[in-house]
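Scroll down for the structure; my scribbles are underneath it.
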């Protein structure tokens with residue numbers, strides 16, 4: 001008797017798997033990858049198109065998404081004006097407002113191929129409304145995508161006596177990661193102390209650390225070395241993500257080289273956010289203007305794990321975006337000149353396998369027999385063409401089920417609550 005699978009993708013191009021293979025899926029997992037013809041309840045001939053692991057967005061702010069213009073626009077384009085605007089807006093937020101916006105953006109993410117999103121939740125409000133809303137969204141949207149929530153002290157841990165308590169309360173509510181922002185503390189000493197507090201909480205609640213680190217053009221901002229040192233000394237190796245690290249673009253080359261071995265030993269993942277980094281940084285420069293993105297190639301070539309995040313989507317810090325990690329990667333390869341033929345192909349690891357190491361799901365992630373079937377059928381035959389077109393996947397498969405389709409250029413389709421919805425990015 002011939003075994004029938006739940007979903008069969010025929011004539012797939014998969015990196016390292018040969019010219020054309022068939023991917024057979026059963027019970028949410030990849031059951032077979034071979035050149036054999038097999039039967040499925042649903043069969044799709046992808047006609048030699050590229051199949052990739054679904055994308056991962058390792059740094060974003062869903063609580064602020066789609067708030068562009070509320071209460072006003074960021075006319076200077078600086079990080080600091082964005083923080084001031086958010087400070088005005090966040091006190092008026094309701095859980096219902098946040099959930100409505102997050103649901104819309106989550107559908108955008110899935111339609112563009114992202115099935116894992118790590119989001120920051122501002123935990124400096126006594127109501128913790130953003131934390132509560134994003135934790136609810138995590139559960140509500142779990143059939144659509146996986147969300148990790150980072151308890152993020154946007155205004156600093158030590159800039160208010162209530163903030164340490166609120167950060168811990170967010171972890172008690174169920175936040176997945178401990179956030180921090182040492183360069184936003186009032187003094188260098190308080191910045192270092194905030195790192196110590198974050199590690200204490202991470203150990204107490206057994207959480208990973210995901211911080212905004214050295215997000216400035218100031219070359220004297222060097223908290224990354226402190227974070228890496230703490231990771232080694234506290235035994236938190238491989239459990240720390242350092243977001244942005246834009247100051248590293250301005251560091252002295254000798255200093256940057258000196259800390260590479262420490263970063264590698266600590267297993268710190270550098271998470272750059274190319275769209276927003278290049279938009280916000282260098283605002284105080286005349287010409288030439290600094291790009292402001294961490295030098296990913298140098299980090300990667302010296303054994304440091306690097307990944308990417310979208311960061312903001314139409315909010316006080318960034319006026320654009322649809323949640324597409326291909327747009328993010330497209331910007332990254334240009335900013336860091338990651339544009340050799342082999343480099344372009346390898347660059348996809350920044351939004352797939354490298355990100356998986358940072359998330360902590362590498363045992364379940366990837367295109368291998370036995371792993372969860374989270375796949376993208378791209379409308380291209382190579383990684384080069386995916387980047388060249390900056391296009392959408394034809395099919396998005398989550399746990400063996402097709403959850404999004406882009407078969408008509410006029411709209412996307414997303415499966416939500418058992419029904420197919422037509423979706424636009426407006």
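For the pair residue 43 and residue 73 in one chain, pulling the backbone fully straight at 0.36 nm per residue adds 6.0 nm over the alpha carbon distance.
Dividing the mean sequence gap of close Cα pairs (under 8 Å, 6+ apart) by how many residues the stretch 55-359 holds gives a relative contact order of 21 percent.
Among 408, 206, 122, the residue with the largest mean-square fluctuation in a Gaussian network model of the chain, with springs joining Cα atoms closer than 10 Å, is 408. Applying 1/(1 + (r/R0)^6) with r as the Cβ-Cβ distance of residue 100 and residue 36 and R0 = 56 angstrom yields a FRET efficiency of 0.75.
Report the antiparallel proportion of the DSSP beta bridges in the chain as a percent, rounded to a multiple of 5. Write out the running numbers ahead of the final one.
Details: 29 of 64 bridges.
Roughly 45 percent of the beta bridges in the chain run antiparallel, per DSSP.
Its alpha carbons considered, the stretch 55-359 gives a radius of gyration followed by a Dmax of 17.6, 52 Å.
Note on residue 364 and residue 425: the extension gain reaches 18.9 nm, defined as 0.36 nm multiplied by sequence separation minus the Cα-Cα distance. The alpha carbons of the stretch 285-408 stretch over 51, 37, 30 Å along the principal axes, in descending order.
Suppose only helical runs count, i.e. DSSP H with n ≥ 4. What mean residue ellipticity at 222 nm does that imply for the chain under -39500 (n - 2.57) per run, divided by all residues and rounded to the nearest 500 deg cm²/dmol?
Only helices count here, giving -9500 deg cm²/dmol.
Placing pseudo-labels 7 Å out from each Cα toward the beta carbon at residue 253 and residue 301 gives an inter-label distance of 1.1 nm.
The stretch between residue 337 and residue 17, if pulled fully straight at 0.36 nm per residue, gains 112.4 nm over its current Cα-Cα span. Find the centroid of the Cα atoms in the stretch 35-60 and in the stretch 164-209, then give the distance between the two in whole Å. Centre-to-centre (Cα) distance: 39 Å. Each label point was placed 7 Å from the Cα along the Cα-to-Cβ direction; for residue 346 and residue 190 their separation is 4.3 nm.
Kindly state, as a whole number, the per residue volume in cubic angstrom of the convex hull around the alpha carbon atoms of the stretch 67-137. Show your work: numbers first, answer last.
Values: hull volume 7.6 nm³, N = 71.
Measuring per residue, one finds 107 Å³ for the Cα hull of the stretch 67-137.
Every read-out reported here was derived from the displayed coordinates using simple, explicitly stated rules and does not represent laboratory data. If you're wondering where the values come from, they're calculated on a predicted model, not measured in any experiment. Backbone-built Cβ (ideal geometry, glycine too); neighbour counts: all protein chains shown.
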